[in-house]
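The structure under discussion appears below in the form of structure tokens.
The values are calculated or read from the model by the stated rules, or taken from the named source; none is laboratory data. Keep in mind the model is a prediction, meaning the values are calculated, not measured. Glycine gets a Cβ as well: all are built from the backbone with ideal geometry, and neighbour counts include every protein chain shown.
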Amino acid sequence: MALGFAVGVFGVLILFHAAYSTIQYRGLLKIMEEEFSGPPMNVVAELLLGLVFCIWAALTVPGKFLSIQPYSEENRIVSLPANSDFMIFNHRGKVFPLEMDVKLKH
Amino acid sequence: MAEDLVLDTAIRDWVLIPLSVVMVLIGILRHFVSKLMRSSQVPDAKIVKEGQLIVRARNLRAGANFIPPRSFRARRFYFSNEENGLLHVPKGQAPNPQAQMFSDPNMAMDMMKKNLSMIIPQTLTFAWVNFFFSGFVAAKIPFPLTQRFRSMLQNGIDLSTVDVSYVSSRSWYFLNLFGLRGLFSLILGEDNATDDTQRMMQMSGFGFDPTKSLGAEKDSLDIVQHDWALPKFEQRAEAVLRKILS
Amino acid sequence: MVSKTEETQLSNLETQVDNGGGGAWEYLCLVRKLKVRRSDRVLKHGLSILNDPKKRSSLGPDEWTLYEQVAVAAMDCQSLDVAKDCIKVLQKKFPESKRVGRLEGMLLEAKGAWAEAEKAYSSLLEDNPLDQVIHKRRVAMAKAQGNVSVAIEWLNKYLEIFMADHDAWRELAEIYVSLQMYKQAAFCYEELILSQPMIPLYHLAYADVLYTLGGLENLQNAKKYYASTIDLTGGKNTRALFGICLCSSAIGQIAKGRNKDDKESPELQSLAATALEREYKQKASDKLSLLTAALKGLKVSS
């Protein structure tokens, strides 16, 4: 988790650095009075690297992926809930009273 | 571009902030007052039934492929046959919402209460703002705007030379009135009484027309193509078993 | 719906709580969330919390939920005094509450005072004729008295209005099965599959009903639904595996007399049989011989 977060921060920093370099580059071009056609190669590479880092961090940091397969352990339904709205008390438990001593004290 | 105006910090402390706080508090008050005044509605059995019917028909549409063709056809006939299908609404029998409103005085009363709880505090606060805070330049928004926004942002200031990005106090009131909805849904929860859009919808549609949605559900049920999914499951089960056995 | 992980969690907590390891409140919350019926344990551990003033006050507003839970559990265990005390406390806190009124009705039911319970419920229904839970209580009451036909009648009336309530459909299906009215039960299970198509247990129950009904078409359909159960559970449902074997054998017997033109997949049954054998080998190797004998009897074992 900490590693993912660090990578994410690093990725964001790289993106910022790429932005900063682009601005610098444009300033340079303005001085040299050339047209801006696209950022230089190394900035593009930096951008891609930052993108990959950010995506990786975004996929690992927020949490684990949960299974959506119906037969995975988290989703496999093994029993239905007791239909408690239709619960009846007139059952054989009546014949076997509880052994323990229960009382609500106040 | 006009000269920058220097706004007194006292305006911020005594106009801008109090106005915003008052607007928030009034919104909360209105929420609770309307909650108090709302009469607890006993839902009508017919409306409940129609709602449940729509849910069930939708389930049938969604899960159609999981039941055998014969069962599906029987159900579809049950829902949408022309004689006594549940989703079939005979023509001319659809209740007119207007008539319903007059027949049920409680409904009209509810509307009135809602409107009153909306209008009275609004007029009062507007009068109050007008009386105490008229004519201030209360804030400046950080981006330029065109002249068309003057009437929206500088209500109460009749100067055409002031830059449009300055906001007068009365306009600040209006901005707060309409712009605080998001904040209210944060503070008071989603279904708060201050939600204007929802009320607008209720007013125009006057509840929803159940017969219409029944008809729509019937139409979409009629065009469902039944393609039984279960035969495919035998192959899938074989694949599953092969996988766990290997 | 109780998933496998939740079930393990529940049983872990159960052993922990039973051995005095604490975590009683978490256990009770889980029981409430999963809606399982563990009345004796809920009664015991719930009371141990309620009787301890320090623990009770630390719950905050959840205290009242616990009172309700314990009251119902006590009724289920026939500890009517405890239930009565709990309801009294709740009544003091929430006078005129309909929910407490419902609990009182249930207490009357548990006592067996049917007429009085009926009276209590009908007076509650007068205030709110669309109270779903009370309608359901009336059904349960008829069932508890043994008037199953009355219960079916009530339930059908209830479902005419609240037709999207799958709990009620399930109850109706189970009643029909208990009366051996399988066609009606099949209808109810179809309704359940429609409302929650991804729950394998409904497919399984529907397949069981179809198999019981018999007839070539029903058997083939039953086999398909057993297959879908296997697919949805990843082959971990033993009953579905047995179902496949039984269906195949029954279909084979019926089809023997006629010309064999159906393109049954012969593999599925042998696969199911092998899967069963493997499962038995892993979990109950001493019963493996029984299984092989049974499968041989069905002539599906390869």
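Does residue C:81 fit the bill of being over 27 Å from the mean Cα position of the chain (by Cα) and under 28 Å from residue C:145 (Cβ atoms)? Criteria met by residue C:81. Can residue C:254 be described as of a type in the set (Val, Ile, Thr), surrounded by fewer than 23 Cβ atoms within 10 Å (Cβ to Cβ) and in contact (Cβ under 8 Å) with a residue 60 or more places away in the chain? No; evaluated as a whole, the condition is false for this residue.
Within the stretch A:42-79, the only residue that satisfies the criterion of being over 30 Å from residue C:7 (Cβ atoms) and among the polar types (S, T, N, Q) is A:42.
Hey, residue C:248 hits all of (1) in a helix (DSSP H, G or I); (2) assigned by TED's automatic domain parsing to the domain that holds residue C:132 but one; which does it fall short on? Here residue C:248 clears every test but (2).
State all residues of the stretch C:229-242 that are closer than 11 Å to residue B:237 by Cβ, in a helix (DSSP H, G or I) and of a type outside the set (Asp, Glu); if no residue qualifies, say none. Answer for the stretch C:229-242, where residues must be closer than 11 Å to residue B:237 by Cβ, in a helix (DSSP H, G or I) and of a type outside the set (Asp, Glu): C:229, C:230, C:232, C:233, C:240, C:241.
One line per residue, one yes/no per condition, for (1) surrounded by 14 or more Cβ atoms within 10 Å (Cβ to Cβ); (2) in a loop (DSSP other than H, G, I, E, B); (3) in contact with a strand residue (DSSP E or B) (Cβ under 6 Å, 6 or more places away or on another chain); (4) modelled with pLDDT of 80 or more:
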| site | (1), (2), (3), (4) |
| --- | --- |
| B:125 | yes, no, no, yes |
| B:130 | yes, no, no, yes |
| B:142 | no, yes, no, yes |
| B:150 | yes, no, no, yes |
| B:160 | no, yes, no, no |
| B:170 | yes, no, no, yes |
| B:173 | yes, no, no, yes |
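Is it fair to say residue C:28 is in a helix (DSSP H, G or I), of a type in the set (A, V, I, L, M) and away from chain A (no Cβ under 12 Å)? Taking the combined requirement at face value, the residue satisfies it. Residues that are closer than 22 Å to residue C:241 by Cβ and touching a His at 6+ places or on another chain (Cβ under 8 Å): does the stretch C:193-211 have at least one? Checked the stretch C:193-211: at least one residue is closer than 22 Å to residue C:241 by Cβ and touching a His at 6+ places or on another chain (Cβ under 8 Å). Which of the residues belonging to the stretch C:1-19 are more than 14 Å from chain A (Cβ to nearest Cβ) and outside any helix (DSSP H, G or I)? The one that is more than 14 Å from chain A (Cβ to nearest Cβ) and outside any helix (DSSP H, G or I): C:19. Residue under question is residue C:36, and the condition is that it be surrounded by 17 or more Cβ atoms within 10 Å (Cβ to Cβ), of a type in the set (A, V, I, L, M) and not in a helix (DSSP H, G or I); does it hold? The answer is yes for residue C:36. Filtered by the rule that a residue be under 13 Å from residue B:234 (Cα atoms) and either more than 25 Å from the chain's Cα centre (by Cα) or away from every other protein chain (no Cβ under 11 Å) (or both), the stretch C:214-228 gives a lone residue, C:220.
The lone criterion from (1) in a helix (DSSP H, G or I); (2) over 22 Å from the mean Cα position of the chain (by Cα) left unmet by residue B:4 is number (1).
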